[in-house]
Structure formats: structure tokens, C-alpha cells
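Structure record follows, encoded as C-alpha cells.
The values are calculated or read from the model by the stated rules, or taken from the named source; none is laboratory data. Everything numeric here is computed off the predicted structure, so don't read it as measured data. Note: ideal-geometry Cβ built from the backbone for every residue, glycine included; neighbour counts use all protein chains shown. For the accessible areas, the whole protein counts, side chains as well, though only heavy atoms, and no ligand, DNA or RNA atoms are used. Shrake-Rupley method; radii C 1.70, N 1.55, O 1.52, S 1.80 Å.
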Amino acid sequence: AARRSAPVRHAVATEGDLEAAAANPEAAAAPEVPNPMAQLEQEAARLSPADVKALAAKWDFTEDDLDKEKLYAELDSMLGKQNLKFTVGDRISGVVYKVDSRGAFVDIGAKAPAYLPIAEVAIIKPNKMTDVLNTGDELELQVIQKADRDGMMVLSIRKIEFQKLWTRFRELLAEDATVEGEIVSNNRGGTLVMVEGLRGFVPSSHMSPHNKSEDMVGKSVPLKFLEVDEERGRVVLSNRRALAEQKARDYAVGDVVEGVVTSVKPYGCFVDLGASNGLLHISQISHDRLSSVEDVFKSGDRLRVMILSQDSERGRISLSTKKLEPSPGDMLKQPELVYEKAHEMAAVFKERIKLAEDAARQEEQRLQAEGTAFGASDSEAAPADAE
């Protein structure tokens with residue numbers, strides 16, 4: 001910008017200039033300065049205390065006898081000596097001195113201000129810049145675009161937040177922690193989810209069937225990390241593992257759960273319990289021997305099963321209908337009766353387990369008592385043997 005007889009490189013932008021710079025930060029240029037003293041105050045604020053002291057000692061003046069040309073030359077020289085050089089990727093500190101609808105101008109101590117676009121202020125773009133930033137805020141930023149011919153660089157907070165988020169995800173993977181993710185879309189291969197602003201993928205085999213419908217788009221589901229690879233930009237998660245862990249806290253051996261057969265194999269069938277899958281092994285279908293699982297079940301069959309055992313760490317649950325048979329072979333002859341009497345038979349099974357545990361506990365106490373008595377008799381006999 002030109003100022004009467006001498007070029008001026010240190011301009012105070014007007015509101016209109018700031019709006020133009022926000023629309024095109026790379027092409028933002030300093031406008032004319034109608035008030036040299038106002039510009040001087042702003043430029044001087046960027047100098048170090050030592051520079052200000054040196055300037056004041058050298059120039060003892062009032063506004064009336066101000067030699068503007070020499071003062072601007074001296075000020076330009078001092079700013080030039082700072083010679084601040086930043087490259088793309090550098091992390092720097094800055095103070096916000098102007099916020100508008102498209103971004104913010106940040107004082108980083110250089111000759112020209114730097115620009116922070118609204119798209120780079122956070123991982124999730126805010127509706128308004130003033131929702132996240134105010135004039136005077138001190139920020140940690142990363143240079144993402146080198147200075148243009150007017151010295152203005154483009155900065156980002158978003159880049160730094162992404163780096164912190166990758167570190168956090170690796171820690172959550174190591175801790176086997178559960179997080180919430182929002183379903184973005186479903187397809188045949190799996191489900192895209194958004195976790196704390198970062199996209200992840202849930203393979204179809206790791207998503208509960210109840211969460212695969214289009215009605216679930218936009219809703220949150222619990223997830224566990226399977227893979228976090230920052231270099232490849234890859235985040236893989238599991239909904240089934242998260243649900244299995246939640247249900248494992250609720251299930252106990254002997255509980256009756258209703259489920260749907262999802263697949264039939266020669267060794268048994270898999271049953272969808274809502275939160276996770278369980279395996280009904282061929283040996284736990286009936287007391288009577290059966291030659292083929294397909295003779296008993298098909299996909300889509302609804303049945304009641306008993307929790308036989310569970311491995312929450314591996315997300316595996318073993319099931320049984322054999323324990324729910326009122327009479328041996330009922331699961332093959334009249335499965336409707338097994339379904340109807342499931343809770344009743346489970347109560348009988350739990351009672352048998354309780355009686356067995358009580359008997360085992362009493363036996364253990366009896367053996368401990370006998371051992372104590374035997375030890376006491378040995379200690380009493382010891383002196384007589386010594387004589």
C-alpha cells in the first residue's frame with residue numbers, strides 16, 4: 001500500500017479489508033493508513049521491551065515535531081532484525097486480535113498477521129467462529145501454508161488436535177476401553193462411524209445386526225478399538241465386543257436368554273443374543289444323540305438358551321438347551337416344551353448348582369477341621385515321644 005511519499009509495509013487493517021482478507025487470506029494486502037500514530041502504536045506493541053527502550057532513547061519527540069519518515073524507517077529496521085522465519089509444520093504461539101465470520105487474524109510476532117480459517121479452528125467445524133474463539137485468546141497453532149508475498153501465513157489448530165486424537169486412540173486401544181461412536185452410513189462391507197471427530201470403520205462381522213438398519217444412522221453405539229494406524233489413516237472398531245462386555249456384566253451362568261439362530265454348522269449353531277453371539281455346541285443341544293444339527297435348527301429359529309459359560313475377554317459365550325430339557329430328548333421331540341419350561345428348568349438347575357456348592361463347601365470345612373484336630377493331637381504327643 002502507498003502512503004503519500006514513502007511506502008508503508010505496516011498497516012492497520014480496516015473492517016472492510018479484514019473481510020476481504022478473510023475471503024482470500026493468501027491475497028490479503030495491507031490498506032492505506034490514515035493515522036500514522038495509530039499504526040505506530042500497533043507496530044510498537046509487537047516489539048520486545050529492549051527494542052521499545054532503544055527506540056524511546058533514540059527518539060525523544062512529541063507528535064508536533066515527529067519526523068515520520070525517519071521513525072518509520074527506524075521501526076522497519078527493528079522489525080526486520082527480528083527476522084522471524086516459519087516453515088510449514090512448525091508449531092507456534094499466537095494471540096487472536098480480530099475474529100470475523102470466516103476466520104481469525106492472529107498476532108504471531110511477525111511483520112504481518114497470520115490467518116486461521118474457520119475450517120482449521122477445530123476437528124469439527126463450528127457454526128460460528130465466535131463460538132470457539134475470542135479476541136485476546138492465546139493459541140497453539142501449526143503453520144500449514146507458507147507466507148504469501150505480503151507475509152501472511154495460514155495456521156491450523158485442527159492439525160494439532162488430530163495428532164493428539166491419534167495418540168489418545170492408541171492409548172484407548174491399549175486399555176481396551178469402550179467409546180461411543182455415531183453411525184454415519186451402512187453398507188454390505190460394514191459401517192462408517194464418527195468417533196470424536198475422526199472417521200472409523202466397523203466390519204459387518206463386528207456390528208450387531210440390530211444396529212445395521214438405516215434407522216440407526218445418526219445414532220450412537222458403543223465401540224471398542226481393533227486397530228489404530230495413523231500412518232495409513234485407519235481406525236477399525238467393534239460394536240459386538242463392546243456389547244459383549246456390557247452384557248457379560250449382566251449375564252451369569254444359569255441365566256436364560258432368548259435369541260435367534262444366525263448360522264448352522266456341523267459342530268453346532270450360532271445364536272444372536274442381541275448384544276453378542278453365543279455358540280450352542282452340538283453336545284449341548286440335547287441329552288439324546290443327534291446326527292446333524294441341521295435336523296434340529298435352521299437360520300431364523302427363535303429359542304431360549306441357558307448361559308453355560310462366558311469368556312468376556314474374547315467375547316465368547318457358550319450356550320445350552322440340554323440343561324433346559326424337562327425330560328431327556330425333549331429338544332428333539334418337542335422343542336416348544338423346552339421353550340415354554342426354560343425358566344422353570346433353569347431355576348431347578350441353579351438350585352442343583354447351589355446345593356452342590358453348599359455340599360462342597362461343607363466338605364471343605366470338614367476337611368479343614370479334621371486337619372486342625374490332627375495337627376493339635378500331633379503337638380500334644382510330641383513331648384511324650386521326646387521322653
Sole residue being crowded, with 18+ Cβ neighbours inside 10 Å and not assigned by the TED database to the domain that holds F270, chosen from P222, P203, P209: P222
Condition met for S276 (in contact with a Cys (Cβ under 8 Å, 6 or more places away or on another chain), among the hydroxyl-bearing types (S, T, Y), at negative phi and assigned by the TED database to the domain that holds G300): no
Meets criteria (within 21 Å of E230 (Cβ to Cβ), basic (K, R) and surrounded by 17 or more Cβ atoms within 10 Å (Cβ to Cβ)) for R170: no
Failed criterion for S291 (all others in (1) hydroxyl-bearing (S, T, Y); (2) within 30 Å of L172 (Cβ to Cβ); (3) open to solvent by 50 Å² or more (accessible area, probe 1.4 Å) hold): (2)
Criterion: open to solvent by less than 50 Å² (accessible area, probe 1.4 Å), small (G, A, S) and at pLDDT below 90 - qualifying residue of A104, A73, A110: A110
Residues located in the stretch 262-275, provided they are surrounded by 14 or more Cβ atoms within 10 Å (Cβ to Cβ) and either without any contact (Cβ under 8 Å) to a residue 60 or more places away in the chain or among the hydrophobic types (A, V, I, L, M, F, W, C) (or both): T262, V264, G268, C269, F270, V271, L273, A275
The stretch 123-158, subset open to solvent by less than 90 Å² (accessible area, probe 1.4 Å) and under 21 Å from the mean Cα position of the chain (by Cα), residue modelled with the lowest pLDDT: I123
Strands (runs of 3 or more DSSP E) lying entirely in the stretch 221-323 (those with 3 or more residues that are touching a helix residue (DSSP H, G or I) at 6+ places or on another chain (Cβ under 9 Å)): 234-238, 256-265, 268-272, 302-311, 316-320
Top-ranked residue in the stretch 173-185 [being open to solvent by 30 Å² or more (accessible area, probe 1.4 Å) and in a strand (DSSP E or B); ranked as nearest to E227 (Cα to Cα)]: T178
